[in-house]
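Single-structure report; data block below.
The values are calculated or read from the model by the stated rules, or taken from the named source; none is laboratory data. Just so you know, these numbers come straight off a predicted model, no measurement behind them. Here Cβ is always computed from backbone atoms with ideal geometry, including for glycine, and neighbour counts include all displayed protein chains. Note: areas computed on protein heavy atoms with side chains; ligands, DNA, RNA excluded. Shrake-Rupley method; radii C 1.70, N 1.55, O 1.52, S 1.80 Å.
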Amino acid sequence: MIYKVIVDISNSEVDKVFFYHSDFPLELGMRVKVPFGHREIEGFVVGTAESSPRETKAVIKALDPYPVVLPEMVWLLEPLSKKKLRYIDCLRLFIPSKLRGGKVKALERNYIDLCENFNTETASSVLRRNSFSQFALIERLSEGGMFEADILKEFSLSTVNSLIEKGIVVKRKEELERVPIAMPAQEKYVVLTAEQREAIEKICGGSDKKYLIHGVTGSGKTEVYLNIIERVLEQGKTAIMLVPEISLTPQMLGVFRARFGENVSLIHSKLSDGERYDEWRRLRLGKAKVALGARSAIFAPLQNVGAIIIDEEHDGSYVSETNPRYFTQEIAELRAEYNNAKLILGSATPSMESYLKAENKEYKLITLLNRVNQREMPLIDIVDMKKEIRNGNVSAFSGELLEAIEQTINSGEQAIIFLNRRGYASFIRCRSCGYVAKCADCDVSLTYHKEDETLKCHYCKNQYHAISQCPICGFKGLKEGRTGTQKIAEELQIIFPNARIARMDLDTTSGKDSYSKILSGFAEHNTDILVGTQMIAKGHDFPLVTLVGILDADQSLYFSDYRSLERTFQLITQVAGRAGRERKAGKVVLQTYSPNHFVFRFALKYDYKGFYSKEINNREVAKFPPFTKIIRILMLAKEEQNAMNASREIYTKQKKLIEESAGDIIRIQIMRAPIKRIENNFRFQILIWAKADANDEVIDKIYQNASTEIKNVAVFIEINPQQLF
Ligand code: ADP
Ligand code: ZN
């Protein structure tokens, strides 16, 4: 038999099908060892063939007892390659990374049990009457076998061995499953609201395949998802449930455990290799039927998928920014199509793309207008910080916010203070000569981190000692730039000495369990005020939170990025949505320097549709996605001249395409990237606006043109990049 094999080498030159023959049968999706050149390497069987165009070598062996890649995933390779993903990069996504090269295996332990034909009489006849410990062990094992390690805590090895010699007990290898985060199951009995019931009926009973649930924060979307999954399981099918970042939402896991027990498998980036392998295998072998996890769980090795749910679908984490770049929603659509499954996207602030699709009837729109138990949406108060300054208050907090915090703490409730800027101060500048501390390798100013007295670059790993005087003129009056979360936490502690304050941002959450520690501390009310970046905006459900403060809401408003207004609206709505979810109505104090900006005006009224209508119109007029595709080509080089020449060369090639493209390419620009240098690479970019439905061939040509003969220049290409720095 001739087999088509993709070899496990990350190189575009060999990213194609190779033909091998095998004397033993192989199944589609099996991992195999094959000769390749002078080496032996791993590969994946992706098909069979009648004949081969050239002489074939023989497959050496199959590496696993079952195909590690499902037929569905083999099928996915073609549509994904059309989206510019390499075969091998996809295959690597489909399996736990450490499975390759056999670096991870099932965890096996010695297991001791009574032998199959054990009976008490023969045992008594073989054993001496005073072999007390042997009798004791037999009695223990009569209740069921045990791992040897556990037995040895109470019995000696010689006791065990002598029973083995006498043929009374047997030792065998048993697989042990590594269990990630033991999260207490959180069962909560709820009576569904009418809106929830209707949503579930519409989705489970409807003939549509794709749904967008637009449900306000606290409308109980999770309960809707759980019910849909229950129905899917009843039909003997499986389900994939995606959340932006599972370590940020440990509650979600607790809820899923309570409902589905061992049937849930957890997939996210913070699992150990062993845990990841075990979870993956439970899914692959059908022991678990619900995959819950972050972006990568979209590749869960489940068969017969009945529903794919993407919670907080607007979240940027669903786009993989590192190679291989993929959009989770696109892969979800493909898998749903293959399985004839339902695809359900949910959010309080759907992305412009998704809501437009709902308007165009590509997704069926389901709306949840009310919070469960009829809680009002928290009242948002916009505070004009320019006025505060005019009144002599130059601190980061308005009088209104401080008063609200005080009241909240005094009544035994909790507050969330949101500021999307980590560190202590965004830059350090000399008041005398104007010197600004900058990274040696990047064209950005350094952020002051007071905790470890460093100046850190947020674009590379560089760190410098903090300074107390200007290194140029020696002047001691240094000005700190915009306030970050560290300083906010510090100042709040001074103002409220008795308050228990915690901080959650990238700097406090590098450890494996740090997220859950901070969050459970807050959930158990060991913390009164939680200060944090966007991490605290996501999906949390803390019943005691009645106040949310949003500092510097303008922060993300003026980025040179077509998504910045959308992002700002989403962030505000999501953070505000953390308040007043259970006890009583919540309150939000939103501090801004542009109180009349339309983003805030719509956010104030929770008017998603109002915001959407205005913004989608802007996008259409300005020719931005979802009405166009923006293709960004980024050129990086250590030598500025090389990067510049390469970008000119590529620009010339792309420009020629405009005439050939029959209107598919709208415009093209060449410029320095907004950040001119990162990690000592000079950066230039070309932006190409193409029609949203541009011909595949045109896009292919753009990709082909994105290469240069100039040495030492790296070229990257992205469609609709998430970040434009
Ligand atoms: P969303 O994701 O829409 O913001 P959640 O799914 O987190 O909202 O639900 C908010 C809270 O409401 C959760 O604590 C949940 O247990 C609770 N809840 C959900 N449905 C109901 C219901 N029908 N009755 C009472 N409480 C509910
Ligand atoms: Zn740097």
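Listing for the model above:
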item: Check on D552, crowded, with 19+ Cβ neighbours inside 10 Å and more than 16 Å from ligand 2 (Cβ to nearest atom); result: yes
item: Residue that is nearest to E245 (Cα to Cα) [pool: residues in the range 529-540 that are modelled with pLDDT of 85 or more and either open to solvent by 10 Å² or more (accessible area, probe 1.4 Å) or out of contact with any strand residue (DSSP E or B) (no Cβ under 9 Å at 6 or more places or on another chain) (or both)]; result: M535
item: Lone qualifier among G586, G610 - being modelled with pLDDT of 95 or more and under 32 Å from the mean Cα position of the chain (by Cα); result: G610
item: Any hit, the range 480-497, residues being touching a residue at least 60 places away in the same chain (Cβ under 8 Å), within 16 Å of ligand 2 (Cβ to nearest atom) and within 28 Å of Q723 (Cβ to Cβ); result: no
item: Residue pairs meeting the criteria (Cβ under 9 Å; at least 6 apart or on separate chains; first at negative phi, in the range 53-78; second open to solvent by 70 Å² or more (accessible area, probe 1.4 Å) and aromatic (F, W, Y)); result: V59/F24; K61/F24; A62/F24; E72/Y338; W75/Y338; L76/Y338
item: All positions within the range 205-222 that are without any contact (Cβ under 8 Å) to a residue 40 or more places away in the chain and either in a helix (DSSP H, G or I) or touching a Ser or Thr at 6+ places or on another chain (Cβ under 8 Å) (or both); result: G205
item: Filter result for the condition that a residue is of a type outside the set (A, V, I, L, M, F, W, C), more than 16 Å from ligand 1 (Cβ to nearest atom), under 30 Å from S445 (Cα atoms) and under 29 Å from the mean Cα position of the chain (by Cα), over Q669, Q685; result: Q685
item: Residue in the range 382-399 that is surrounded by fewer than 14 Cβ atoms within 10 Å (Cβ to Cβ), at pLDDT 95 or above, within 30 Å of H540 (Cα to Cα) and not hydrophobic (A, V, I, L, M, F, W, C) present; result: yes
item: Pick from the range 165-202, criterion more than 15 Å from ligand 1 (Cβ to nearest atom) and within 30 Å of E330 (Cβ to Cβ), ranking: modelled with the lowest pLDDT; result: I181
item: Failed item in (1) more than 16 Å from ligand 1 (Cβ to nearest atom); (2) over 17 Å from L551 (Cα atoms), with L369 passing the rest; result: (1)
item: Neighbours by Cβ (under 9 Å, 6+ apart or cross-chain): first from the range 87-105, under 16 Å from I267 (Cα atoms) and open to solvent by 20 Å² or more (accessible area, probe 1.4 Å); second part of a helix (DSSP H, G or I) and among the aromatic types (F, W, Y); result: L93/F299; K98/Y277
item: Considering residues of the range 1-34 that are over 10 Å from Y87 (Cα atoms) and among the acidic types (D, E) only, the residue modelled with the highest pLDDT; result: E27
item: The one condition in (1) under 24 Å from F542 (Cα atoms); (2) hydroxyl-bearing (S, T, Y); (3) modelled with pLDDT under 95 that Y225 fails to fulfil; result: (3)
item: Any chance K84 is on the phi < 0 side of the Ramachandran plot and open to solvent by 60 Å² or more (accessible area, probe 1.4 Å); result: no
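Residue-wise test of (1) under 15 Å from M1 (Cα atoms); (2) assigned to a strand (DSSP E or B); (3) small (G, A, S).
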position	(1), (2), (3)
P25	yes, no, no
V32	yes, yes, no
I41	no, yes, no
S52	yes, no, yes
